[in-house]
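S.K.: Quick one: this structure, given as structure tokens, is what I'll be asking you about.
Quick note: the coordinates plus some simple rules give every number you see, no bench work behind them. Values in this document were obtained by computation on a predicted structure and should not be read as measured data. All Cβ positions, even for glycine, are placed from backbone atoms using ideal geometry, and neighbour counts span all protein chains on display.
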Amino acid sequence: MNAIKRILGIVWLALAAAAAYFCIFEFGYPKFVSGKQEDLVFGIIILFVLTPLIVLGLGAFGYFALIGEYDDEK
């Protein structure tokens, strides 16, 4: 079970990298440079609020799972 948790840690880190790519290059940046007021606000929210929360959350969870912080050894 501990090996599965560590493998899933790698999966969570890969999801963090994928989320960073999609939040920045697919969702945030195109809205940020579109020139419309409503797109600019949405782009700022995506780039500076949601992206760090999502990426840091997934990355921290994956890192701790990868180093064995959630192992069953007590």
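S.K.: Under 8 Å between Cβ atoms, which residue pairs at least 6 apart in sequence (or on different chains) link something in region 1-29 that is touching a residue at least 60 places away in the same chain (Cβ under 8 Å) with a partner that is of a type in the set (Asp, Glu) and outside any helix (DSSP H, G or I)?
M.R.: Met1/Asp72; Asn2/Asp71; Asn2/Asp72; Asn2/Glu73; Lys5/Asp71
S.K.: If I filter region 30-74 down to residues being free of Cβ contacts under 8 Å to residues at least 24 places away in the same chain and acidic (Asp, Glu), which single residue comes out as surrounded by the most Cβ atoms within 10 Å (Cβ to Cβ)?
M.R.: Only one residue tops the list, namely Asp39.
S.K.: Same structure again: Residues that are in a helix (DSSP H, G or I), loosely packed, with under 14 Cβ neighbours inside 10 Å and touching a helix residue (DSSP H, G or I) at 6+ places or on another chain (Cβ under 7 Å): does region 3-10 have at least one?
M.R.: yes
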